[in-house]
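A.B. asks: Would you mind keeping the following structure in view while I ask a few things?
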Amino acid sequence: MEKLNIGIILGSTRQGRLSPQVGEWVKQIADERGDAHYQIVDIADYHLPLLGEADATEQATAWNTKLAELDGFVFIVQEYNHSISASLKNALDYAREAWNNKAAGIVSYGSVGGARAAEHLRGILGELSVADVRVHPALSLFTDFENGSVFKPADLHLVNVNGMLDQVVAWSGALKTLRVPAAAL
Ligand SMILES: Cc1cc2nc3c(=O)[nH]c(=O)nc-3n(C[C@H](O)[C@H](O)[C@H](O)COP(=O)(O)O)c2cc1C
C-alpha cells in the first residue's frame, strides 16, 4: 500500500491565532515517523464565507478537492465558548463525501486542554462518518504556552501525539479499503 496522506487541519483563522505553532509541532513529530505523508491544511487559505451567504463555488471546490486527496486528518482544535471555532464548524459544513469513511485524531488546547471543544467535535465527526481515535493530546493554555502565546509544550505530550498518530494511520489505512478498490491500494 502507498503511504497515506494525512492532513493536519488548523481549526482557527483569527489574526494572532496560536494554531500554526501547534500544527507545525505536530507535523514535525509526524514527519519524524516517516509512516505517512503529512501536510498542514490551513482553513484560512480557502477563504470560505459563511456557508450559503455568498456564491463560493470556487472556494468550496478547492476545499473539497484538498479534502478528497486526504486519507485521514489531525484536527488542531481550540476552545471557543466551550466548543470549536466558527471557522472550523463552517469548514466542516462545506464538505460531505470528502470527509466520509476516513479517520481523525484531535489535538486541542484551551484553559482545560480544549476538552469541551474536542468532545463537541467528536459529535460532529460522527455525523460526517469520520472515525475519531481515542488518544487525544490536550494542551493547556497555562502550562504549554508561555504568556498564553509562545508554544512550549511539556515533554509528556510527545507520547500522546505519537499514540494518536499510531491510531490515525492504522484506521486511515483500514478505512481506505472501503473507499478504494483493492486492486488500487
Ligand atoms: C471568542 C473566544 C471564546 C473563547 N472561549 C474559551 C473557552 O470557552 N474555553 C477556553 O478554554 N478558552 C476559550 N478561549 C480562549 C482560546 O482557547 C484561546 O484564545 C486560543 O488561543 C484560541 O485559539 P487560536 O489562538 O488558535 O485562535 C476563547 C477565545 C475566544 C477568542
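A.B. asks: Among Val26, Val112, which is the only one that is within 13 Å of the ligand (Cβ to nearest atom), closer than 19 Å to Pro153 by Cβ and either among the acidic types (Asp, Glu) or out of contact with any Asp or Glu (no Cβ under 7 Å at 6 or more places or on another chain) (or both)?
C.D. replies: Result: Val112 is the single residue among Val26, Val112 that is within 13 Å of the ligand (Cβ to nearest atom), closer than 19 Å to Pro153 by Cβ and either among the acidic types (Asp, Glu) or out of contact with any Asp or Glu (no Cβ under 7 Å at 6 or more places or on another chain) (or both).
A.B. asks: Also, quick follow-up: For Ser19, which of the numbered conditions (1) polar (S, T, N, Q); (2) more than 16 Å from the ligand (Cβ to nearest atom); (3) touching a Gly at 6+ places or on another chain (Cβ under 8 Å) fails to hold?
C.D. replies: Failed condition: (2).
A.B. asks: Right, another one. I'm trying to understand the selection: among the residues of the range 19-78, which are surrounded by fewer than 21 Cβ atoms within 10 Å (Cβ to Cβ), in contact (Cβ under 8 Å) with a residue 60 or more places away in the chain and part of a strand (DSSP E or B)?
C.D. replies: Selection gives Ala36 alone.
A.B. asks: Report, ordered by the first and then the second residue, all pairs with beta carbons closer than 9 Å, sequence separation of six or more or different chains, a first member in the range 115-143 that is under 20 Å from Val22 (Cα atoms), and a second member that is surrounded by fewer than 16 Cβ atoms within 10 Å (Cβ to Cβ) and acidic (Asp, Glu).
C.D. replies: Close Cβ pairs satisfying both conditions: Val133/Asp166; Val135/Asp166.
A.B. asks: Now for a different question. Please find, within the range 79-109, the residue that is nearest to Arg134 (Cα to Cα) out of those that are within 15 Å of the ligand (Cβ to nearest atom), among the hydrophobic types (A, V, I, L, M, F, W, C) and assigned to a strand (DSSP E or B).
C.D. replies: The extreme case among them is Ile106.
A.B. asks: Is one or more of the residues making up the range 114-134 modelled with pLDDT of 95 or more, surrounded by 14 or more Cβ atoms within 10 Å (Cβ to Cβ) and more than 26 Å from Tyr94 (Cα to Cα)?
C.D. replies: Taking every residue of the range 114-134 in turn, none turns out to be modelled with pLDDT of 95 or more, surrounded by 14 or more Cβ atoms within 10 Å (Cβ to Cβ) and more than 26 Å from Tyr94 (Cα to Cα).
A.B. asks: Considering every residue within the range 160-172, establish whether at least one is touching a His at 6+ places or on another chain (Cβ under 7 Å), among the aliphatic types (A, V, I, L, M), crowded, with 18+ Cβ neighbours inside 10 Å and farther than 21 Å from Glu32 by Cα.
C.D. replies: No, that holds for no residue.
A.B. asks: Next question, about the same structure. Report, ordered by the first and then the second residue, all pairs with beta carbons closer than 9 Å, sequence separation of six or more or different chains, a first member in the range 159-185 that is touching a residue at least 40 places away in the same chain (Cβ under 8 Å), and a second member that is surrounded by fewer than 13 Cβ atoms within 10 Å (Cβ to Cβ) and of a type in the set (Val, Ile, Thr).
C.D. replies: Listed pairs, sorted by first residue: Leu185/Thr177.
A.B. asks: May I pose another question? Name every residue in the range 19-65 that is among the acidic types (Asp, Glu) and touching a helix residue (DSSP H, G or I) at 6+ places or on another chain (Cβ under 8 Å), in order of residue number.
C.D. replies: Scanning the range 19-65 gives Asp35, Asp42.
The values are calculated or read from the model by the stated rules, or taken from the named source; none is laboratory data. In this text, all values refer to a predicted model and were calculated from it rather than measured experimentally. In this analysis, Cβ positions are derived from the backbone assuming ideal geometry, glycine residues included, and neighbour counts consider all displayed protein chains.
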